[in-house]
Amino acid sequence: MSDDDLDLAFAGAEDPGRWRHRKKEGRRGRTFLALTLVLLLFGALGGVGYIGYGKVKGFFSVEDYAGPGAGEAVIEVKSGNTATDIANTLYKAGVVKSAAAFVDAAKDNPKSKDIQVGSYLLKKEMKAADALTMLLDLKNKNVNKITIPEGLISLQIFDKLSKATGIPVADFKTAAKSPQKLGVPALWFKRKDGKKVVASDIEGFLYPATYEFPKDAKAEDVLKIIIKNFNAEMEQLDFVNQAAKLNISPYEALVAGSIAQVEALLPEDMGPVARVLYNRAYTGKFPCGCLQLDSTVNYWLRISGKDAKASEHLLASELHDPKNPYNYDVKGMAVGPISNPGEVALKGAIEAPKSDYYFFVTVDKKGTMAYGKTNDDHEKNKLIACKNGIPIC
């Protein structure tokens, strides 16, 4: 209701003057109350405005530091960040004097769109253009970079990780005892052949690739990053479903891939070698139903703290050691992976071409592999290898 409406409402009263007088007093009181509230409100808003201005003034004033900066500031560039987002991060961290200065620098430099996601080590109180230059230089990433090649065992990988990050090997060994906590799905710890999977064995899951780890990462954080990549690669390969088509578990296919990675020197032999393993372990047509591989025996020696040996130097007692779960005489697929295989070996394990081969041997120094259906075929191939200087005879 407006003041005019109130005036009309009071027009028929016996003493209009008296009502009008009261109306003026009420209006004066209400006006004073309203003025007080407005002043209080503006006072509150003024406080908010002052605080807000303090927070955003870096966006409205194009102020810039003149010097190269000093000290350290860790800056995180996240996926989807715009130049303004990065400017905000830099301003809050004390790297640039104003966010606007960095935005202007980004507009002036067409390479600014090439800033990569990640953590960077910059300086405080930098000239905005210099801060941009540092973000474009990958040398300033606040990470430890390491490449894990195909075929290494976990102990070798822990050693490389330790040298790159400064984290003790013992920390990696401890963190690795719980692969599922690191992100390995439970489905990987089951087999179709009746053998049990050692749930504390991380072998095979440390996917070979080039990684960047934050410098403040702990052993568990590092391994989680590697496992996350492993899971992504397995999904990309559709590894679980492809293994099912072979009527084996993903873990058994992983074991086969880890052996093929070690045994085959050439990419084209990864699949055929994996097929030989399947033929020996699952068809029931190979006399012992075992793998009889020097590589599995050597794996046991290495994880037991001993040195691996060339095939011609392995002793019969080592090949048939009953304490070695990877020995010549163990039936079926090996109890676990013997290396950490890469993409080619893993694809070979799930795309192994069908064959009647039960034997393979490297026959020249180029890594060429020869296959045989019978032991006689194998002996002939071994003679070829000997003639080519391969120490197998």
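Just so it is clear, none of the values below were taken in a lab; they were calculated from the coordinates. What you are looking at is a predicted structure, and each value in this text was computed from that prediction instead of being measured. All Cβ positions, even for glycine, are placed from backbone atoms using ideal geometry, and neighbour counts span all protein chains on display.
Numbers below:
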| item | result |
| --- | --- |
| 3J(HN,Hα) from dihedral phi, the stretch 349-354, Karplus parametrisation 6.51/-1.76/1.60, rounded to Hz, x for glycine, proline | 5, 9, 10, 4, x, 5 |
| Size of charge dipole - the stretch 212-255 - debye, nearest 20, with Cβ of Lys, Arg +1 and Asp, Glu -1, no other charges | 40 |
| Total charge dipole magnitude, the stretch 144-242, about the Cα centre, Cβ charges on Lys, Arg, Asp, Glu only, Debye to nearest 20 | 320 |
| Inter-label distance, nm, simple model (7 Å from Cα along the C-beta direction), residue 283/residue 388 | 2.3 |
| Burial order of peptide ranges 219-228, 307-316 (average beta-carbon count within 10 Å, highest first) | 219-228, 307-316 |
| Shape of the stretch 70-141, Cα gyration tensor, a/c cut at 1.5 | rounded |
| Highest-first arrangement of 229-239, 124-134, where packing means the average Cβ count within 10 Å | 124-134, 229-239 |
| Around residue 217: net Lys/Arg minus Asp/Glu count, Cβ-Cβ under 12 Å | -2 |
| Environment charge at residue 334 (Cβ cut-off 10 Å; Lys +1, Arg +1, Asp -1, Glu -1) | 0 |
| Cα centre as origin, Lys/Arg/Asp/Glu Cβ charges: the stretch 247-309 dipole, Debye | 200 |
| Alpha-carbon centroids, the stretch 99-126 and the stretch 347-365: separation in whole Å | 52 |
| Set 141/215; 177/224; 190/245; 97/123; 190/224 screened for pairs whose C-alpha atoms are more than 18 Å apart | 190/224 |
| Fully extended contour minus Cα-Cα distance, from residue 302 to residue 115, at 0.36 nm per residue | 63.0 nm |
| Gained length - residue 228 relative to residue 93, 0.36 nm times residue gap less alpha-carbon distance | 45.6 nm |
| Inter-centroid distance (Cα atoms) of the stretch 261-336 relative to the stretch 367-393, Å | 17 |
